[in-house]
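Throughout, read-outs are computed from the coordinates displayed, never taken from laboratory work. What you are looking at is a predicted structure, and each value in this text was computed from that prediction instead of being measured. Heads up, the Cβs are rebuilt from the backbone with ideal geometry, glycines too, and the neighbour counts pull from every protein chain shown.
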Amino acid sequence: AAAYGNDCMINTIESYFKVNIDYYAKINFKGLVKLVDAVGGVYVNMTYGEMNVANNYIDEINPGAEHIYNTGDGTWLAGYQAVAYATIRYVGNGDFERMERQIEVLRSVMNQYMNMSTTSKISAMDTVLEAIITNIPKEDIEKLALEIIPSLDNLETQYIQLPIEGCYNAGMYGDEWSIRMNWNAVIPYVQLFFYGTTADFDWVDIPNHAPDLDYCNTDIPLEDLIH
């Protein structure tokens with residue numbers, strides 16, 4: 001069932017974004033707790049409002065666990081605290097800021113990992129391999145984590161957040177709230193981000209209530225979308 005789920009996920013992404021995926025690595029929130037703790041915790045820029053909501057989540061998912069008491073840039077979080085922070089939806093711009101928090105946590109995981117000693121990196125590998133679900137061979141992950149990444153002078157993580165402003169509608173459709181994106185408007189940006197160029201593609205059927213391509217803002221420079 002898990003393999004079928006992964007195949008379905010890959011086929012969906014390839015079909016709707018017109019990219020090729022050979023390898024994948026994914027992690028759930030349970031695995032994220034292990035990953036964060038394996039690198040000694042993470043540092044985030046926590047607001048007072050986020051702290052209050054995260055502490056409510058902690059009470060729900062891990063009753064009796066220690067709350068977060070600090071705010072501001074450089075706030076340290078243990079694994080379960082980081083997951084509570086990364087799941088915040090109702091502070092700021094909803095799901096979009098939640099995605100930003102998740103990227104912030106993962107970036108801090110990488111920074112923490114880069115600052116670990118070689119011995120500590122090796123010790124953390126078993127936990128890392130347990131925390132992620134991937135089709136990348138173990139030996140390739142170990143080479144990447146223990147040889148290639150530590151040898152880099154500067155490790156910069158970049159991402160673009162989808163959907164792009166102006167290329168989607170969001171609201172109540174029927175009896176549920178959803179985002180309706182024009183896939184054909186964002187595919188060229190995805191191609192540029194991964195491949196540095198665009199190519200012709202067969203158009204994707206867009207959902208009802210998604211904006212027509214003529215109304216989408218497709219003139220935004222890619223560099224303005226990279227975080």
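Once volume of the Cα convex hull per residue in Å³ is calculated for the structure shown, the corresponding label among (i) 170; (ii) 155; (iii) 255 turns out to be (i).
With a cut-off of 12 Å between beta carbons, the residues surrounding G31 carry a summed charge of +1, where Lys and Arg count +1 and Asp and Glu -1. Expressed as a whole percent, the proportion of Cα-Cα pairs in region 1-56 lying more than 12 Å apart is 77%. Each Lys and Arg Cβ is given +1 and each Asp and Glu Cβ -1; about its Cα centre, the chain then shows a dipole of about 600 debye. Note on region 55-111: with charges restricted to the Cβ of Lys and Arg (+1) and Asp and Glu (-1), its dipole about the Cα centre is near 120 debye. Converting phi to 3J(HN,Hα) with the Karplus coefficients 6.51, -1.76 and 1.60 and the offset θ = phi - 60°, region 185-194 yields 6, 9, 4, x, 5, 5, 4, 4, 5, 8 Hz in sequence order, with x at every glycine or proline.
Rounded to the nearest Hz, the phi-derived 3J(HN,Hα) couplings of region 148-164 under the Karplus curve 6.51 cos²θ - 1.76 cosθ + 1.60 (θ = phi - 60°) are 6, 4, x, 7, 6, 6, 9, 10, 10, 9, 10, 8, 10, 9, 10, x, 7, where x marks glycine and proline. Per-residue 3J(HN,Hα) values for region 96-112, derived from phi via the Karplus relation 6.51 cos²θ - 1.76 cosθ + 1.60 with θ = phi - 60°, read 5, 6, 4, 4, 5, 5, 5, 5, 4, 5, 5, 5, 5, 4, 5, 5, 4 Hz in sequence order (x marks Gly and Pro). Mind checking which lysines have their Cα closer than 29 Å to the Cα of K30? Skip sequence neighbours fewer than 8 apart in that chain. List returned: K121, K138, K143.
In the chain, excluding the sites themselves, the longest stretch lacking any of the GluC sites (Glu not before Pro) that are in a DSSP loop with at most 16 other Cβ atoms within 10 Å is 67-155. Under 5 Å from the amide H of M46 lie the amide H atoms of G72, D73, G74, T75, each residue being 5 or more positions distant or on a separate chain, with H modelled from the backbone and absent for Pro and chain starts.
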